[in-house]
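These notes are about the structure you will find just below.
The values are calculated or read from the model by the stated rules, or taken from the named source; none is laboratory data. No experiment lies behind these values; they were computed from the predicted model shown. So basically every Cβ, Gly included, is an ideal-geometry build from the backbone, and we count neighbours across all protein chains shown. Side chains included, ligands, DNA and RNA excluded: accessible areas come from the protein's heavy atoms. Shrake-Rupley method; radii C 1.70, N 1.55, O 1.52, S 1.80 Å.
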Amino acid sequence: MNLPPEWTDTFSLVHQRLVLIIFDIQKCPVALEEIYRVLRPGAWVQLAETTAWVEKEYPGMPCMEKLATLFRRVTKSRNLHTDCADDMPRMLEEAGFVDIRRESRMQCMGKWAGENGVAMRDNHVGVLRGMKTPILKAGGFGHVSTEAEYEALLEGLGREWDEVPGTMLEFVVCCARKPLH
């Protein structure tokens with residue numbers, strides 16, 4: 001990620017949401033260095049990411065366990081920074097930022113959590129649906145082999161989230177300041 005050179009020391013705030021995971025592990029620090037460069041001294045960055053689905057944390061939810069495994073396998077195969085939400089404070093410090101603050105909220109998923117839970121369920125199922133092609137192109141990692149199998153897994157996931165109260169995913173927001181000097 002190379003931002004235009006003329007943007008150096010230009011912005012008072014940079015906000016990025018749900019983008020660090022798209023960078024491979026080596027490019028995350030470069031992205032943060034670029035953000036640091038384009039901020040004015042004393043200006044702020046705000047980054048927001050969800051934590052990753054972790055396989056084996058979903059007892060009684062076989063579709064969720066399988067999709068968490070597929071998520072981890074496809075992101076690992078592409079060297080993506082799956083745990084960027086957890087690593088944001090460290091990465092911000094390494095990029096030179098100070099006054100680093102981390103806050104998180106839990107995203108509830110499924111009908112049990114009302115209208116917001118349904119919206120979060122649909123959003124996360126949509127993210128996983130977007131991963132169908134790379135997962136199938138990689139051979140399904142031994143878990144799925146057809147589009148129909150993958151779609152059935154997504155449908156099952158939606159049912160699991162609707163029927164198992166308490167399904168949540170952490171959403172992390174980090175703010176940090178570029179030093180004055």
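Helix-only arithmetic for the chain: the sum of -39500 (n - 2.57) across DSSP H runs with n ≥ 4, divided by the residue total, places the mean residue ellipticity at 222 nm at -14000 deg cm²/dmol.
Of all DSSP bridge pairs formed entirely within the chain, close to 75 percent run antiparallel. Note on Asn79/Met168: beta-carbon distance plugged into 1/(1 + (r/R0)^6) with R0 of 25 Å gives a FRET efficiency of 0.35. Taken per residue, the accessible surface of the range 33-181 reaches 50 Å², heavy atoms only and a 1.4 Å probe. Between the range 113-177 and the range 53-97, how far is it from one alpha carbon centroid to the other, in angstrom? Value for the Cα centre distance between the two parts: 13 Å. With K and R counted +1 and D and E -1, the other residues having a Cβ less than 15 Å from that of Pro4 yield a net charge of -3. The relative contact order of the chain comes to 31 percent, based on Cα pairs under 8 Å that sit 6 or more residues apart. Each Cα pair under 8 Å and six or more residues apart adds its sequence gap; the mean of these over the residue count of the range 63-143 is a relative contact order of 32 percent.
Using Cα springs under 10 Å in a Gaussian network model of the chain, which residue among Trp161, Trp112, Trp53 shows the largest mean-square fluctuation? Fluctuation is largest for Trp112.
Extents of the chain, largest first, come to 54, 35, 24 Å (Cα atoms, principal axes, whole angstrom).
Converting phi to 3J(HN,Hα) with the Karplus coefficients 6.51, -1.76 and 1.60 and the offset θ = phi - 60°, the range 79-87 yields 6, 7, 7, 4, 9, 4, 4, 6, 8 Hz in sequence order, with x at every glycine or proline.
Summary: within the chain, the longest segment free of GluC sites (Glu not before Pro) located in DSSP loops with at most 16 other C-beta atoms within 10 Å is 58-181. Legend: distances between Cα atoms for Lys27/Lys76; Lys76/Lys137; Lys27/Lys178; pairs beyond 18 Å are Lys27/Lys178. Neighbours of Pro41, meaning other residues whose beta-carbon lies under 15 angstrom from its beta-carbon, give a summed charge of +2 when Lys and Arg score +1 and Asp and Glu score -1. Against the chain, whose longest principal axis comes from its Cα atoms, helix 62-77 is set at around 40 degrees.
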